[in-house]
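J.: Okay, handing you the structure first.
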Amino acid sequence: MSETSYDATTEPDDTGSGASGIMAPGPLRTDVAVVGAGLTGVVTAQLLAEGGANVVVLDAGTARSTTTARSTGKLSVLQGTRLARIARHGDDVVRDYLAAGFAGLGWLRRTMEDLNVPVENRDDLTVATTPEQVADVDAVLATCARQGLAAQWEEDPPYPARSLGAVRLPGQAQVDPLRMLSALRARLRSRGVPVHDGVRVRQVRRLRNGVALRTTRGTVLADRVVLATGVPPGREGGLFLRLEAGRSLLTTWEVPDRTALPPGFAETMSITAGSPVRSLRMAGGLLMVGGEGFVVGRERDPARRLAVLDEWARVHLPVDTPHHAWAAQDYTSDTGLPLVGPAVPGDERVLVATGYAKWGLTNGAAAGLALAGRILGDPVEWGPTLEPWARPPTPSARIAATFGEQSTGWACAVARPSGQRPGVTRVSRICPHMGGVVRWNDQEQSWDCPVHGSRFGPDGTLLEGPATEGLARR
Ligand SMILES: Cc1cc2nc3c(=O)[nH]c(=O)nc-3n(C[C@H](O)[C@H](O)[C@H](O)COP(=O)(O)OP(=O)(O)OC[C@H]3O[C@@H](n4cnc5c(N)ncnc54)[C@H](O)[C@@H]3O)c2cc1C
Ligand code: FES
């Protein structure tokens, strides 16, 4: 895929204010500090400001570097086979999860209409491509039926590759996620809520009457803090033990002859019910193709994954020239549900929202509604179901896999304790978060930690994940 530009990491964009001159001398004081200006953070901040709270938003990057902006842009409550997987917690939990999803979707639709950001109606398909996936799709259909959703089985869905049928849920939508996020950020700023880009929170310290945030640009004192950062920074609440960092690839393609697509394809969005995951939708004149997910730092050959996706697109779709390719990262929790609420049980000073499992657009907006309602004293009905400590954590399998990675990494690190890429500084291979051994990702030109998913640039600069410092330079 040589002609495709691979968008590796964070790049500047024109939607943020930059960090210059934002922190006055001495600590900045506020009612609520929202850390993270992706969708979750900006929705929370907007609702808090509307409720009369004094809010400050801090972000380590810019709009363009968020997972939100780099997502597929599907606004759906169907979400592949996720409903069937959540059903193992009981139908009441699915009911609340759906109520959250519909609340998020409804809020986004109304707000985007206000902001003149186009939201296109689409039917969402979960497609079975193997007999095993037919069983999974049946489970989705049964879950939808129990919840009264108008989902239907379709023998011959408008899917361009071989399929054995699909579930179709009408009334879902798609959006340009960067445009959506930029419009929300612009509105926040126009209403006087500061959104400080380029400010990383390095430490969260609880005080008797609030919280102190140590950031790269000074200290922020707040009564309450919302960590809308994907995985929370550092070791906050021990939640990094309950989350797995997954990366997926996205590509866009030009389609010279749209009549070669199956009739009705452009009016749908789709995702396969299992491996290999293929997520498709039309985005303007381009065809978006996603898939080939992997756990951060545990894929030995990420470039091969892009080649596989590329080849699949060329074989199954009437595509010609690849337009763009990139990767993005999101977190899946041990319970399979989002974790939205206190980081530590019973402590309302620090709230988190994470664990969306690559479905955090409807869920991120829902989390904003839940967190703002909680802080303003007007909680949402379905909120308790999504609280991080609503059910016993089950991180054991994850910890075992992580331990395996860490042991293998250390064995390698003894032989090769630092790494160097041509023309850049030699860096330690030991992750400053908790001592994982980073692996070079040739595709994205980054050092990736297989333990909890922190990522670093070639010179050790911190890009994302729970780490709060870069790799040590040698
Ligand atoms: C490939 C891919 C495709 C996806 N497609 C879809 C889709 O079609 N539909 C859907 O519903 N979901 C999708 N998702 C999931 C969705 O994009 C995410 O769940 C959602 O955007 C998360 O939003 P967020 O606001 O929580 O996090 P983000 O958008 O990542 O924002 C978090 C922000 O926190 C900042 N931050 C992190 N640490 C710190 C710190 N220490 N100090 C200061 N700031 C910090 C970061 O800079 C970042 O800007 C997809 C995910 C992936 C990976
Ligand atoms: S991200 Fe936790 S050890 Fe690297």
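The values are calculated or read from the model by the stated rules, or taken from the named source; none is laboratory data. Since the model is a prediction, treat every value here as computed from it, not as a measurement. Every residue, glycine among them, receives a Cβ derived from its backbone with ideal geometry; neighbour counts consider all protein chains shown. With ligands, DNA and RNA removed, areas are computed over all heavy atoms of the protein, side chains included. Shrake-Rupley method; radii C 1.70, N 1.55, O 1.52, S 1.80 Å.
J.: How far is the Cα center of the stretch 263-330 from the Cα center of the stretch 39-107, in Å?
T.: Centre-to-centre distance over Cα atoms comes out at 23 Å.
J.: Out of every Cα-Cα pair in the chain, what percent are more than 41 Å apart?
T.: Values: 15942 of 112101 pairs.
Considering the chain, 14 percent of its Cα-Cα pairs are separated by more than 41 Å.
J.: Multiply the residue separation of residue 91 and residue 378 by 0.36 nm, subtract the distance between their alpha-carbon atoms, and state the gained length in nm to one decimal.
T.: On the way: separation 287, 0.36 × 287 = 103.32 nm, distance 2.51 nm.
Difference between extended and current length: 100.8 nm.
J.: At a probe radius of 1.4 Å, what is the per-residue accessible area of residue 337, in Å² to the nearest 10?
T.: Answer for residue 337: close to 0 Å² accessible.
J.: Note the full-extension length gain between residue 258 and residue 138 as 0.36 nm times their separation in residues minus their Cα-Cα distance, in nm to one decimal. Display every interim value, and only then the final one.
T.: Details: separation 120, 0.36 × 120 = 43.20 nm, distance 3.10 nm.
So the extension gain works out to 40.1 nm.
J.: Measuring from label point to label point, each 7 Å out along Cα→Cβ, what is the residue 316 to residue 208 span in nm?
T.: 6.2
J.: Another question, if that's okay. Just add up the charged neighbours of residue 217: K/R +1, D/E -1, any other residue whose Cβ is under 12 Å from the Cβ of residue 217. Can you show the working numbers first?
T.: Values: positive: 200, 202, 214; negative: 59, 197.
Residues near residue 217 contribute +1 overall.
J.: Using every alpha carbon pair in the stretch 102-209, what percent of pairs falls into each 5 Å bin from 0 up to the bin containing the largest distance?
T.: 2, 10, 14, 13, 12, 11, 11, 8, 9, 7, 2, 1, 0
J.: Which percent of the accessible area of the chain is formed by carbon and sulfur heavy atoms (probe 1.4 angstrom)?
T.: Details: 9360 of 18490 Å².
Whole-percent figure for carbon plus sulfur exposure: 51.
J.: Could I ask something else about it? I need two numbers for the stretch 236-289: Rg to one decimal and Dmax as a whole number, Cα atoms only, in Å.
T.: When restricted to Cα atoms, the stretch 236-289 yields Rg and Dmax of 16.3, 52 Å.
J.: Of the DSSP beta bridges with both residues in the chain, give the percent that are antiparallel, rounding to the nearest 5. Numbers along the way, then the final one.
T.: Working: 66 of 91 bridges.
Beta bridges within the chain, antiparallel portion: roughly 75 percent.
J.: Right, another one. Using a 1.4 Å probe, how large is the accessible area of residue 347, given in Å² and rounded to the nearest 10?
T.: 20
J.: Between residue 190 and residue 110, what length in nm is gained on full extension when 0.36 nm per residue of separation is reduced by their alpha carbon distance?
T.: Details: separation 80, 0.36 × 80 = 28.80 nm, distance 1.86 nm.
The span from residue 190 to residue 110 would gain 26.9 nm if fully extended.
J.: With a 1.4 Å probe and every protein chain left in place, work out the accessible area per residue of the chain in Å², rounded to a whole number. Write out the running numbers ahead of the final one.
T.: Working: 18490 Å² over 474 residues.
Accessible surface, normalised per residue, equals 39 Å².
J.: Return the FRET efficiency for the residue pair residue 300, residue 389: r is the Cβ-Cβ distance, R0 is 51 Å, and the value is rounded to the nearest 0.05. Working shown, then result.
T.: On the way: r = 36 Å, r/R0 = 0.70.
The computed FRET efficiency comes out at 0.90.
J.: While we're here: Where q = 0.15, 0.20 Å⁻¹, what log10 of I(q)/I(0) comes from the Debye formula for the stretch 42-173, counting one point per Cα?
T.: -0.86, -1.21
J.: Could you report the accessible area of residue 452 in Å², rounded to 10, computed with a 1.4 Å probe on the protein chains as they sit in the structure?
T.: 20
J.: For the stretch 193-294, what does the alpha-carbon gyration tensor say about shape, rounded, prolate or oblate, given a ≥ b ≥ c as the root eigenvalues, a/c under 1.5 as rounded, and a/b over b/c as prolate? The partial results should precede the final answer.
T.: Details: a/c = 3.80, a/b = 2.47, b/c = 1.54.
Note, shape of the stretch 193-294 comes out prolate.
J.: Further question on the same structure: Between rounded, prolate and oblate, where does the stretch 68-111 land on the alpha carbon gyration tensor, with a ≥ b ≥ c its root eigenvalues, rounded for a/c under 1.5, else prolate if a/b exceeds b/c?
T.: Values: a/c = 3.32, a/b = 1.55, b/c = 2.15.
Oblate shape, in that a/c is at least 1.5 and b/c is the bigger or equal ratio.
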